Ligand code: HEM
C-alpha cells in the first residue's frame, strides 16, 4: 500500500515538473484554444471558480467573451455563455459535443458505465434514449399514468389542510421533494416512496441531494486525475453511501415486482413493466443492471430538479403577490370551485405556464447543464477544441444575458405571453433542459409535474410568508451542486380558498 502511495506521489511530482517546464517554455500552438484568464502554474484557474461556479464563470465571460477556455489543474475546460455559442454546441455541432465528461465522484456508483446520464453516445446510450422517448416519456404512457399522479395531488392537499387550520407554516422544499418523489415513483413503480411529513422523506431528500452536491462539487480529482485514488476531498467516500442506499431501495422494488409478475397478478403498465419487458426481448443484452441504473438516473435526475423548480417558482410567487393573485384568478376562471385540478387542465392555463417559464429562466436548476465532452477535435468559431475536452454551457448566464432579455433579472412572466419562446430546446437563450441529443428526456414528465403541483396548491390554498417576513426580504441565496437549490428552504402559510357551505361551494 505504502509502495503504491509513494509511486503515485512520485508520478504526480514528475507530472508537476513536466507541466511547470512546459508552462515556462511553452511553444505557441497555432491551433488556438478560445481565450481565457491566465492561470497559475499547476493549478491553472482553479482559484477563480469558487463555490458558485455559474456566477464566477458568468463574471469571467464578461471579460473573455462567450466562448472561453480555462485550465483546471491538468484539465482544459471550455465554457459557452451566450445563446449563439449554445446553438453552435448543442445544434450545429451537436454530434461532436454530445460526449460526457464523467466526474470522478459518480464513478463510485456500481455499474455507472451503464448510466444514460454518463454514457457517451454509442449503441448503448442510443438504446436507452430510444426506450425513454418511445416507451416511457410518450404522451400516451404519461396520459395512462396521470390518474395516479392526480390521486397523489389529492392526498397532498389533504396533508396540507391541517396547516391551513392551525396557521402553521409548511416547509415548501420538503413538501415539494416528497411530492415529486411520489409522483416519480408512482410513474415508475406505481407505489409511494415516502410519507410527506415523515423523517424518511427528509432522509431520502438528503440522499439525493448528497449525490447532487458531491457530483457537482469542484473536485481536485477531476483536475489531477493522476491522484484521484487519494480522494483528497473525501467525495467518493461520502457519495458512495448515498448511491448504495438508493440502489438497495430500487433492488427491493424490482424483486417485489418480479415476484408479482411471476404470480400472474395484473400488470401495472408503469415504467418498471416496460423495462422488465425490454429485458425479455430477443437478442437484447438489456438486463437487471440496466433497469436498476436507469431507475436510479430517473430519481436522481428527476427528483431534485423538479422539486427545486417548484420551490423557486413558489418563492417568486410569494415575492410577487400580484402575480400569484393573477394565477389564482386564472385557476378560478378555468377550473372553478367545483372540480379539482387535473393534468388535462394545464393547456388551458397560459398564465401559469408563463410563470413557470419565467421561474425556469431566472433559476435554471441545472445551471451548467451536465458536463459535455468533445468526441473528436473540433473547430468552433475559429478556435480549436481538442478531443475529450470538457465543455460547460452556462444556461444560467445565458438566460440572464442583457443582450437577449429585457430587464433580465426581473421576474416578469408577461414576457412569455404571446411569445414563442419555449424551453423545449429550440430557443437557445432559454435552455433549462438543454437542447439537441442530450436534451433532458424527462422534460415531458417534469413539465406536467411542476404545473400540476403549482396549479393544485394555488387552486386550493392561498399562501403567505410567515409572520414578520416581507416579500423583499425573502432569502434568494442558492447553493451549487449539479442543481441550484435554495440555501434557506422556503416556508409558507396556507389558508383554504375553497369553502363548502350550506348554500354551495365558494372560492376566495
Ligand atoms: C424541472 C425539472 C428538470 C430540469 C430543469 C432538468 C434539466 C436537465 C438538464 C439541463 C439535463 C442535461 C442536458 C445536457 O447535458 O445538455 C438533464 C438531463 C437528464 N434529465 Fe432532466 N431535468 C428535469 C427533470 C427530469 C425528470 C423528471 C427526469 C426523469 C424522471 C429527468 C431525467 C434526465 C436524465 C436521465 C438526463 C440525462 C440524459 C442524458 O445524458 O442523455 N430530468 N435534465
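The values are calculated or read from the model by the stated rules, or taken from the named source; none is laboratory data. All values derive from a computational prediction rather than experimental measurement. Positions of Cβ are backbone-derived with ideal geometry, glycine not excepted, and every protein chain shown enters the neighbour counts.
Across the stretch 459-466, a minimum of one residue is classified as more than 28 Å from residue 146 (Cβ to Cβ), touching a helix residue (DSSP H, G or I) at 6+ places or on another chain (Cβ under 8 Å) and assigned to a strand (DSSP E or B).
Yes/no per residue for (1) at pLDDT below 95; (2) under 26 Å from residue 288 (Cβ atoms):
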{"position": "85", "(1), (2)": "no, no"}
{"position": "91", "(1), (2)": "no, no"}
{"position": "100", "(1), (2)": "no, yes"}
{"position": "103", "(1), (2)": "yes, yes"}
{"position": "106", "(1), (2)": "yes, yes"}
{"position": "122", "(1), (2)": "yes, yes"}
{"position": "128", "(1), (2)": "yes, yes"}
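The residue pairs whose first member lies in the stretch 287-313 and is farther than 30 Å from residue 458 by Cβ, whose second member is more than 10 Å from the ligand (Cβ to nearest atom) and not in a helix (DSSP H, G or I), and whose beta carbons are closer than 7 Å, counting only pairs six or more residues apart or on different chains, are 289/111; 293/111. Taking residue 68, is it out of contact with any helix residue (DSSP H, G or I) (no Cβ under 8 Å at 6 or more places or on another chain), within 30 Å of residue 400 (Cα to Cα), at pLDDT 95 or above and not in a loop (DSSP other than H, G, I, E, B)? Answer is no for this residue.
Among residues belonging to the stretch 110-120 that are on the phi < 0 side of the Ramachandran plot and in contact (Cβ under 8 Å) with a residue 24 or more places away in the chain, point out the one that is farthest from the chain's Cα centre (by Cα).
Taking the stretch 110-120 and keeping what is on the phi < 0 side of the Ramachandran plot, we get 110, 112-120.
Adding the requirement that they be in contact (Cβ under 8 Å) with a residue 24 or more places away in the chain leaves 110, 112, 114-117, 120.
Working: 110: 21, 112: 18, 114: 19, 115: 16, 116: 14, 117: 11, 120: 19 Å.
That would be 110.
Here residue 56 clears all of (1) away from the ligand (no atom under 15 Å from the Cβ); (2) in a helix (DSSP H, G or I); (3) in contact (Cβ under 8 Å) with a residue 24 or more places away in the chain except the condition numbered (3). Restricting attention to the stretch 437-452, the residues being in contact with a strand residue (DSSP E or B) (Cβ under 6 Å, 6 or more places away or on another chain) and near the ligand (Cβ under 7 Å from one of its atoms) number 1.
Residue by residue, here is whether (1) in contact with a strand residue (DSSP E or B) (Cβ under 8 Å, 6 or more places away or on another chain); (2) assigned to a helix (DSSP H, G or I); (3) at pLDDT 90 or above holds:
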residue	(1), (2), (3)
7	no, yes, no
10	no, yes, no
15	no, yes, no
18	no, yes, no
60	yes, yes, yes
79	yes, no, yes
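Exactly one residue out of 162, 103, 123 is free of Cβ contacts under 8 Å to residues at least 24 places away in the same chain and within 15 Å of the ligand (Cβ to nearest atom): that is 123. Here's a check for you: in the stretch 401-436, which residue that is surrounded by 17 or more Cβ atoms within 10 Å (Cβ to Cβ) and assigned to a helix (DSSP H, G or I) is farthest from the ligand (Cβ to nearest atom)? Looking at residues that are surrounded by 17 or more Cβ atoms within 10 Å (Cβ to Cβ) and assigned to a helix (DSSP H, G or I), I get 415. Residues that are more than 16 Å from the ligand (Cβ to nearest atom), farther than 18 Å from residue 135 by Cα and crowded, with 17+ Cβ neighbours inside 10 Å do occur in the stretch 255-276. Among the residues here, residue 90 does not qualify as crowded, with 20+ Cβ neighbours inside 10 Å, out of contact with any strand residue (DSSP E or B) (no Cβ under 9 Å at 6 or more places or on another chain) and not in a loop (DSSP other than H, G, I, E, B).
So that you can scan it fast, the table gives a plain yes or no per residue for (1) under 19 Å from residue 61 (Cβ atoms); (2) touching a residue at least 60 places away in the same chain (Cβ under 8 Å):
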position	(1), (2)
358	no, no
368	yes, yes
384	no, yes
387	no, no
396	yes, yes
401	yes, yes
414	no, yes
420	no, no
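Within the stretch 128-159, the set of residues being surrounded by fewer than 16 Cβ atoms within 10 Å (Cβ to Cβ) and within 12 Å of the ligand (Cβ to nearest atom) comprises 130, 133.
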